[in-house]
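The values are calculated or read from the model by the stated rules, or taken from the named source; none is laboratory data. No experiment lies behind these values; they were computed from the predicted model shown. All Cβ positions, glycine included, derive from the backbone under ideal geometry; neighbour counts span all protein chains shown. The accessibility values were calculated without ligands, DNA or RNA, using every heavy atom of the protein model including side chains. Shrake-Rupley method; radii C 1.70, N 1.55, O 1.52, S 1.80 Å.
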Amino acid sequence: MSEPTPPIRLAIDGMRCAGCVSAVEKALQGVEGVTAAAVNFAEHTASVHGNVPTETLIDAVSKAGYSASLMVDEDATELERESVELIRYRRLLHKSWFALIIAVLALAVSLPAMLGMGGHDMMQAASPWLAVLTLAVMLISGPQFLVGAWKALRGGHATMDTLIAVGMIAAWCYSALATFTPALFPAGTGEPFWDVIPVVIGLVVLGQALEMRARGRASEAVKRLIGLRPKTARVVREGQERDIPLAEVRRGETLRVRPGEKIPVDGIVIEGHSSIDASMLTGEPMPVEIRSESEVTGGTMNLSGSFLYRATRVGRDTALARIIELVRQAQGAKPAIGRLADRIAGVFVPVVLIVATTAFTIWYTLGPEPHLNYAMVVAVAVLVIACPCALGLATPMAVMVGVGKAAEYGILIRNGEALQQAGQLTCIVLDKTGTVTQGRPAVTAMHAWGDWDETQLLHYAASLETGSEHPLALAILNAAKERKLKPVKPERFEALSGQGVQGMVNRQNVLLGNCKLLQDRGIDWSPLQPVYERMTGQAATTVFCAIDGKIAGVIAISDPVKPDSHEAIARLHALGLKVLLLTGDQTATAQAVALNVGIDTVYAEVLPQDKDRKIAELMTAGEIVGMVGDGINDAIALSRANVGFAIGTGTDVAIESADITLMSGSLHGVPNAIAVSRATLRNIRQNLFGAFIYNMLGIPIAAGALYPFFGLLLNPMIAGAAMAMSSVTVVSNAGRLRFFKP
């Protein structure tokens, strides 16, 4: 399978609302050769697929009214962006403080007049000074709105900047005319409202600063993953060990890792023994033992011994680099629920401009005296309160935090659809081998007979199997190694086709095989008949051992169930899901495993193509199906299911083939993924509901819907505060996901 071409990633500057997202996406998608383009508002980045020069893409973004730059070293860019955003955050705070200080002065002058307490003379005297001060606020604290609105106008679209700029310019021009040319207005109608401009700009900019700070916290998952990489690696060149920058490590080189050091790149151990903490990648808390021929992954921590290993994957090919890329892609993904919000936000601003114009016309024509004052207040309030910032942030903020939280538990979510559908699953289909079970034969029981004990039984069996590569022989040898037994080399060895093996160990004749082998040699094994029947009833393969013509015992070998499979499946049932076992193994074996872990429905002896058919049948019956397999022999079924979960150690095929990859071998990753998905979707719905309700209620109130009944009119400065706080509320609500525990 050919490697997919990585997307071109751009850092986008100047986006301030969902309308901006729509404009940038439209500009990028309009470039010839672009096959797909997605903009992440929460991260202020764009991912572009297609064979297009980067300069062409940057030029298209520039023509749309924004600036873009290529993200070359994304890890450095990520960390640099953190410091750059901290600088911007402080700059926004300073702009906000300046605007709000002027706002306090303007309010001190205008409030007495607004509250009917006199002060008109003071207002008239201060108005020329306030005209200068508020103009300074527009040019110092709010020039980004004016520049953004101008660029959007040149690009033929409208954004949040358009709303704020039009409102502020209209308010300033009206107030300036009322101050310097009062004769243009009928008596009592030329009341300036200087306070609106600094209050709205100050609060909106403060909201942007708080939003930027929260965005930085939301992308902590990628920062932590990047932080797993050491800056240097210790390579062995010409017999000498030397430290070099990580980027200079070449494939095939030998590296040394000492206790307490991070493993630089992926590779295979060639000398030494140690234990590895892989919890940050797999979510598994227990250390993993490694020895010669073991695979190690860059970014994991070496705990105890020192070892040498050969680099097999470096740079962007390492598992950690691909995980970081997958997390980034998923954080920028848009589930269907989010794309709906984007489409609405894309047409929202032009609609708001029409509403503001209509409200101005109605109030100017039919409203009370002073007509122009009321019309201006209403139009500015509508423009300010309708900014769709909260709507644009509702989905990407929740997705960014949710995907990062999943990554903490070793769950890699590839796309927005998987994130959304995982929380809606009704049925989970499990493969058996390597998913519910460990995927390799192991000794699960022993029963010695006569003068022999289990240790002697295993010692003779392992000694006879020394050098054999048969899976059953390897299971016996592994069991001996776990008990720290040291097998001896057999003095004679002979394989007996279809029956077992025979040979001589410690000058004693040893037979190892099935019951037919014992029968052919006339060895009585009837004392072990009940034990044999119990073992075969548990779907185990039985291996009898006879020494010097007498039965010595029986060994049960099977593919053992993973220790936590039963608990994980119980969690799936508790989530209200049906759980099925779908395997190509024999019916008796499959049913024994299902009984052990609490699965009710079993489909056994099913070929890979029939697995696909069974998944399709379940989906036709109305089930939303999640398929859990190893990502290789279950590839067809994984693709067919609504959501495919690849469970294992993050192999290339698993990562590429599944919608969701579970980096550890534990089935607990499935209920964890479902729980994270449900929490993220719940958060998105809360955010969207809040944003939609805010705009649906806010715009009519700003337009004066309450005035005929209660005499209430929304002050533009209150509208500005409400708009800023709505964005902060959405961002804060998404931030709550960081504390979620499945």
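Of the strands (runs of 3 or more DSSP E) lying entirely inside region 1-118, those containing at least 1 residues that are modelled with pLDDT of 70 or more and of a type in the set (Val, Ile, Thr) span 8-13, 34-40, 45-50. Of the strands (runs of 3 or more DSSP E) lying entirely inside region 236-286, those carrying at least 3 residues that are within 29 Å of GLY669 (Cα to Cα) and at pLDDT below 90 are 274-277. In region 183-201, the qualifying residues are those that are within 17 Å of SER110 (Cα to Cα) and part of a helix (DSSP H, G or I), and the one that is modelled with the highest pLDDT is PRO198.
Within region 126-140, is there a residue that is open to solvent by 10 Å² or more (accessible area, probe 1.4 Å), at pLDDT below 85 and farther than 14 Å from GLY202 by Cβ? The answer is yes, given that some residue of region 126-140 is open to solvent by 10 Å² or more (accessible area, probe 1.4 Å), at pLDDT below 85 and farther than 14 Å from GLY202 by Cβ.
Residues in region 141-171 that are open to solvent by 30 Å² or more (accessible area, probe 1.4 Å) and hydrophobic (A, V, I, L, M, F, W, C) were compared, and the one that is farthest from the chain's Cα centre (by Cα) is ALA170. I'm checking my understanding of the structure. Among residues of region 257-273 that are surrounded by fewer than 22 Cβ atoms within 10 Å (Cβ to Cβ) and closer than 20 Å to ASP317 by Cα, which one is farthest from the chain's Cα centre (by Cα)? Ranking the qualifying residues of region 257-273, first place goes to VAL269. Go through region 679-700 and count every residue that is under 25 Å from TRP363 (Cβ atoms) and open to solvent by less than 80 Å² (accessible area, probe 1.4 Å). Of the residues in region 679-700, 6 are under 25 Å from TRP363 (Cβ atoms) and open to solvent by less than 80 Å² (accessible area, probe 1.4 Å).
Could you please give the count of residues in region 525-570 that are within 42 Å of the chain's Cα centre (by Cα) and of a type in the set (A, V, I, L, M)? Counting residues in region 525-570 that are within 42 Å of the chain's Cα centre (by Cα) and of a type in the set (A, V, I, L, M) gives 7. Can you pull out the residues in region 585-611 that are under 17 Å from ASP634 (Cα atoms) and touching a Ser or Thr at 6+ places or on another chain (Cβ under 8 Å)? Hits for region 585-611 are ASP585, ALA590, VAL602, TYR603, ALA604, GLU605, VAL606. Taking ARG640, is it open to solvent by 20 Å² or more (accessible area, probe 1.4 Å) and in contact with an Asp or Glu (Cβ under 7 Å, 6 or more places away or on another chain)? For ARG640, the condition - open to solvent by 20 Å² or more (accessible area, probe 1.4 Å) and in contact with an Asp or Glu (Cβ under 7 Å, 6 or more places away or on another chain) - is met. For TYR174, the conditions (1) under 18 Å from ASP195 (Cβ atoms); (2) surrounded by fewer than 20 Cβ atoms within 10 Å (Cβ to Cβ) all hold with the exception of (2). Is it the case that region 322-333 has a residue that's within 24 Å of the chain's Cα centre (by Cα), of a type in the set (Gly, Ala, Ser), at pLDDT 75 or above and closer than 19 Å to THR45 by Cβ? Taking every residue of region 322-333 in turn, none turns out to be within 24 Å of the chain's Cα centre (by Cα), of a type in the set (Gly, Ala, Ser), at pLDDT 75 or above and closer than 19 Å to THR45 by Cβ. Given the structure, is LEU353 surrounded by fewer than 20 Cβ atoms within 10 Å (Cβ to Cβ), over 30 Å from PRO742 (Cα atoms) and at pLDDT below 85? Yes.
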